[in-house]
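The block underneath contains the structure these notes are about, expressed in structure tokens.
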Amino acid sequence: PISGMIDAAERVRGGDFTARVVESDADDEMTILGRAFNRMTAQLQSQRGELIDANQQLDQRRRFTEAVLAGVSAGVIGLDAAGRIHLPNPSATRLLGMPADELADKLLADAVPEMAGLLIDARERPGRPIQAQVNLTRGGVTRNLLVAVVTEMNDEEIQGFVVTFDDITQLVSAQRTA
């Protein structure tokens, strides 16, 4: 019985959570240990299956979110709690005139200083979305952006920010003409 337990334990150590020991009808300590081992490996197998399912669901949601972000015309930037860029969508890189690798891991205040004030306002009033018009000049071209900053909260602590913006240059121009 002990060598069977050692063999099953080695199989579990190798990742085989289907390993079980043979249980006898006796009511001795080895039988009780074998039953406990089998319950433990069954629970590990079940939990591993649940973790695999949860990871697959998270991966599907991540791919869906990335597809949505890639398909919207608005610029969307995810920031961590310090204001560091970690997720610019393709529209954001196009509207800002900067490739994603230049934006990644930079502070928003350094990458797009025109938006820094909005991030400060969002920090001071984390419960409210902050929205304003920002003029952005890159390469001699000025764009009017309508920018919104939303704070991601976990209880009372700021987890990050989501910055969205649309190019409203043509709309502002049409309003001036009217």
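Would you point out which residue out of Arg13, Arg20 is among the basic types (Lys, Arg), modelled with pLDDT under 95 and open to solvent by 90 Å² or more (accessible area, probe 1.4 Å)? First the steps, then the outcome.
Numbers: Arg20 fails: open to solvent by 90 Å² or more (accessible area, probe 1.4 Å).
After applying the criteria, what remains is Arg13.
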Cβ-Cβ below 6 Å, separation at least six or inter-chain, first residue in the stretch 47-59 and under 16 Å from Phe17 (Cβ atoms), second modelled with pLDDT under 95 and outside any helix (DSSP H, G or I): which pairs? Arg48/Phe17
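Considering only the stretch 47-70, how many residues are open to solvent by 60 Å² or more (accessible area, probe 1.4 Å) and over 15 Å from Gly15 (Cβ atoms)?
Going through the stretch 47-70, the residues open to solvent by 60 Å² or more (accessible area, probe 1.4 Å) turn out to be 47-48, 50-53, 55-58, 60-68.
Then drop every residue that is not over 15 Å from Gly15 (Cβ atoms), which leaves 50, 53, 55-58, 60-68.
Of the residues in that region, 15 qualify.
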Cβ-Cβ below 9 Å, separation at least six or inter-chain, first residue in the stretch 12-31 and free of Cβ contacts under 8 Å to residues at least 40 places away in the same chain, second in a loop (DSSP other than H, G, I, E, B) and open to solvent by 90 Å² or more (accessible area, probe 1.4 Å): which pairs? Val21/Pro1; Val22/Pro1; Ser24/Pro1; Met30/Pro1; Thr31/Pro1; Thr31/Asp25
Within the group Gly139, Gly127, which residue is in contact (Cβ under 8 Å) with a residue 40 or more places away in the chain, out of contact with any Leu (no Cβ under 9 Å at 6 or more places or on another chain) and loosely packed, with under 14 Cβ neighbours inside 10 Å? Gly139
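Kindly indicate whether Asn89 is open to solvent by less than 60 Å² (accessible area, probe 1.4 Å) and either under 30 Å from Thr18 (Cβ atoms) or at pLDDT 95 or above (or both). Quick ask: steps written out before the conclusion?
Working: open to solvent by less than 60 Å² (accessible area, probe 1.4 Å): yes; either under 30 Å from Thr18 (Cβ atoms) or at pLDDT 95 or above (or both): no.
It is false that Asn89 is open to solvent by less than 60 Å² (accessible area, probe 1.4 Å) and either under 30 Å from Thr18 (Cβ atoms) or at pLDDT 95 or above (or both).
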Give the stretch 84-131 a look and list any residue that's touching a Gly at 6+ places or on another chain (Cβ under 7 Å) and at positive phi, or say none. Gly97
Please specify each residue of the stretch 142-155 satisfying the condition of being open to solvent by 50 Å² or more (accessible area, probe 1.4 Å) and either more than 19 Å from Leu171 (Cβ to Cβ) or part of a loop (DSSP other than H, G, I, E, B) (or both). Val150, Glu152, Met153, Asn154, Asp155
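Sort through Leu108, Leu95 and tell me the only one that's in contact with an Asp or Glu (Cβ under 7 Å, 6 or more places away or on another chain) and crowded, with 20+ Cβ neighbours inside 10 Å. First the steps, then the outcome.
Working: Leu108 fails: in contact with an Asp or Glu (Cβ under 7 Å, 6 or more places away or on another chain).
None of the others qualify; the one that does is Leu95.
The values are calculated or read from the model by the stated rules, or taken from the named source; none is laboratory data. Every value quoted in this text rests on a predicted model; they were computed, and no experiment measured them. Neighbour counts are summed over all protein chains in view; Cβ atoms, including those assigned to glycine, are modelled from backbone coordinates with ideal geometry. When the accessible area is computed, the model is the full protein with side chains, heavy atoms only, and any ligands, DNA or RNA have been set aside. Shrake-Rupley method; radii C 1.70, N 1.55, O 1.52, S 1.80 Å.
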